[in-house]
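**Student:** Submitted below is the structure of interest, expressed as structure tokens.
The values are calculated or read from the model by the stated rules, or taken from the named source; none is laboratory data. In this text, all values refer to a predicted model and were calculated from it rather than measured experimentally. A quick note on method: Cβ atoms are made from the backbone with ideal geometry, for glycine too, and the neighbour counts reach across all protein chains shown. SASA here: full protein model, heavy atoms, side chains in, ligands and nucleic acids out. Shrake-Rupley method; radii C 1.70, N 1.55, O 1.52, S 1.80 Å.
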Amino acid sequence: MDTKHIHISDYNYPLPDERIAKFPLAERDHSKLLLYKHGEVGEDVFYNLASHLPEGALMVFNNTRVIQARLHFRKETGALIEVFLLEPAFPADYEQMFQTRGHCAWYCLVGNLKKWKEGTLARELSVGDSKLTIKATRGEMHGTSHRIDFEWDNQTVSFAEILESMGELPIPPYLNRETQESDKTTYQTVYSKIKGSVAAPTAGLHFTDAVLQSVDAHGIDREEVTLHVGAGTFKPVKSEEIEGHEMHTEYICVKRQTFEKLLKHDCQAIAVGTTSVRTLESLYYMGLKVLRNPDIQEDELHVNQWEPYEREEGRVKSEESASAAMDVSPRAAIQALLDWLDRNGLASLHSSTQIIIAPGYEYKIVKMLVTNFHQPQSTLLLLVSAFVKGDWHKIYDYALAHDFRFLSYGDSSLIIP
């Protein structure tokens, strides 16, 4: 299949507004669970998830935490300007960013931009017992976003504390409602730890401590990766063929112990959510880069959108002879990354990915998938279709016919191709 020439219109389905879950269930783990096992479709309740998983398997979660990324400023004229944080500009490291005091810069989307042609925006706020004024100055364009420099006049307050005080949690646009106080809890996974996402890895929203305990009791190994979900996850595919769609870049962090755990499980994993899928599958292509160039720099490990399709799948060419090509197993790729970490004295891998997973893609590491029901004509639906070799209609027809709730706060599925 020529993946680039897939017509996105072939991935449409009717989704009435009333089927979109505007709010989550009162109890996370009481959501419905669609079961797709080797082409057969059935259903259960999410709290029984572990009973459908093989003992001794490895389950991988994305531990990113959603930040309160919407900031509102009012101009002296009364115009309301929304600044939506996308990714750190200075410092570029997420962990450092949230600890900064006095000044930082982000790449942001700006709402009501035509009303903010020049000048600095300012807002007074209280953070605990401290009072401060934060100012925002608009800088150069960065793709479709702007660099925004923030300065505040109280060095005792970190940027993380400012976000907690003045930021608003960015719930998905298709919910068509204002953020509520309850979203601060319900739009985070119970295992979220590392701040940086502007959207939740929603497959994880169904997990409770009780479900995690049942996963452990079934002898299933758990591991976490970090992928900071960008606003691009909601970006619709507007081109007729997917070749015209530019995937957004997302930042990942994978610890040394995760590579060791993958190797222990023969580089096979159950992914919780499409973000975990993109992280795990990107690792394979990063491993190929290391095998080609053992001295590669960390920033060169970035996986480009079409990389898996443009090279001979799973092969690395020897410089001495093109005929001496060898198949590269997931184990060899992951081992290469672990060795690279050791050579460079690193405890974790920090990189980024732009990977698009669509029909024609051959999965390397992910063998089972826990995921929600995605928007029509979305890259996430393409990812699911690639996983089930085009059989996505069977899953979505069943969900529509059996009263499943859709999108971020909707029901879940376990997919075993």
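**Student:** Hey, what's the Cα Rg ratio for the range 86-221 versus the globular rule of thumb, 2.2 N^0.38 Å?
**Tutor:** Details: Rg = 17.9 Å, N = 136, 2.2 N^0.38 = 14.2 Å.
It is 1.26.
**Student:** While we're looking at this one, here's another question. For the range 293-308, what does the Karplus curve 6.51 cos²θ - 1.76 cosθ + 1.60, with θ = phi - 60°, yield as ³J(HN,Hα) per residue in whole Hz, taken in order and with x for Gly and Pro?
**Tutor:** 9, x, 9, 4, 8, 4, 5, 7, 7, 3, 9, 6, 3, 9, 3, x
**Student:** Using alpha carbon centroids, what distance separates the range 387-417 and the range 68-110, in Å?
**Tutor:** Rounded to whole Å, the Cα centres lie 36 Å apart.
**Student:** Taking 8 Å as the Cα distance limit and 6 or more residues as the minimum spacing, I'd like the relative contact order of the chain as a percentage. Could you put the intermediate results ahead of the total?
**Tutor:** Numbers: 854 pairs, mean separation 98.0, N = 417.
Answer for the chain is 23 percent.
**Student:** Using 1/(1 + (r/R0)^6) with R0 = 41 angstrom and r between the beta carbons of Leu400 and Glu55, what's the FRET efficiency to the nearest 0.05?
**Tutor:** Numbers: r = 33 Å, r/R0 = 0.80.
It comes to 0.80.
**Student:** Given labels modelled 7 Å from the Cα in the Cβ direction, how far is it in nm from Lys131 to Val190?
**Tutor:** Result for the modelled spin labels: 4.2 nm.
**Student:** Quick one: accessible area per residue over the range 167-211, 1.4 Å probe, rounded to a whole number of Å²? List each step's numbers first, then the result.
**Tutor:** Working: 1690 Å² over 45 residues.
That works out to 38 Å² per residue.
**Student:** A further question on this structure: Mind checking the full-extension length gain between Ala347 and Asp10? Use 0.36 nm per residue of separation minus the Cα-Cα distance, one decimal, nm.
**Tutor:** Values: separation 337, 0.36 × 337 = 121.32 nm, distance 4.34 nm.
Value of the extension gain: 117.0 nm.
**Student:** What percent does the relative contact order of the range 177-310 come to when contacts are Cα pairs within less than 8 Å and at least six residues apart?
**Tutor:** 21
**Student:** On to the next question. Need the full-extension length gain, Asn48 to His72, defined as separation in residues times 0.36 nm minus the C-alpha distance. One decimal, nm. If you can, show how the numbers build up before the last one.
**Tutor:** Numbers: separation 24, 0.36 × 24 = 8.64 nm, distance 4.21 nm.
So the chain would gain 4.4 nm between Asn48 and His72.
**Student:** Now, a different point. Keeping all protein chains in place, calculate the accessible area per residue for the range 9-85 (probe 1.4 angstrom), answer in Å². Present the calculation step by step, with values, prior to reporting the outcome.
**Tutor:** Details: 3550 Å² over 77 residues.
I get 46 Å² per residue for the range 9-85.
**Student:** If you don't mind, there's one more thing I want to ask. Accessible area of the range 70-168 with a 1.4 Å probe: how many percent of it is carbon plus sulfur?
**Tutor:** Exposed carbon and sulfur together represent 46 percent of the surface.
**Student:** Moving to a separate point now. DSSP loop (so not H, G, I, E, B), at most 13 other Cβ within 10 Å: list which GluC sites (Glu not before Pro) in the range 94-180 pass both filters.
**Tutor:** Details: sites: Glu95, Glu118, Glu124, Glu140, Glu151, Glu161, Glu164, Glu168, Glu178; in loops: Glu118, Glu178.
Of the GluC sites (Glu not before Pro), the ones in loops of the range 94-180 whose Cβ has at most 13 other Cβ atoms within 10 Å are Glu118, Glu178.
**Student:** Please give me the summed charge of the neighbours of Glu95: other residues whose Cβ is under 13 Å from its Cβ, Lys and Arg +1, Asp and Glu -1.
**Tutor:** Working: positive: Arg65, Lys193, Lys195; negative: Asp93.
Taking every other residue near Glu95 into account, the sum is +2.
**Student:** Next question. Let me have the 222 nm mean residue ellipticity of the chain computed from DSSP H runs of 4+ only, each contributing -39500 (n - 2.57), with the sum over all residues rounded to the nearest 500. Please list the in-between numbers first.
**Tutor:** Working: 10 runs with 92 residues, N = 417.
It comes out at -6500 deg cm²/dmol, rounded to the nearest 500.
**Student:** Can you tell me how much longer the chain between Asn293 and Lys389 gets when fully stretched, taken as 0.36 nm per residue apart minus their C-alpha distance, in nm with one decimal? Spell out each step's value before the answer.
**Tutor:** Values: separation 96, 0.36 × 96 = 34.56 nm, distance 3.28 nm.
The Asn293-Lys389 span can extend by a further 31.3 nm.
**Student:** Within the range 59-81, what residues put their amide N at less than 13 Å from the label point 7 Å along the Cα-to-Cβ vector of Phe90?
**Tutor:** none
**Student:** Measuring from centroid to centroid over Cα atoms, what is the spacing of the range 1-64 and the range 141-186 in Å?
**Tutor:** 29
**Student:** Further, regarding this structure: Counting pairs of alpha carbon atoms under 8 Å apart in space and at least six apart in sequence, what relative contact order in percent does the range 70-168 give?
**Tutor:** Numbers: 202 pairs, mean separation 29.7, N = 99.
About 30 percent, as a whole number.
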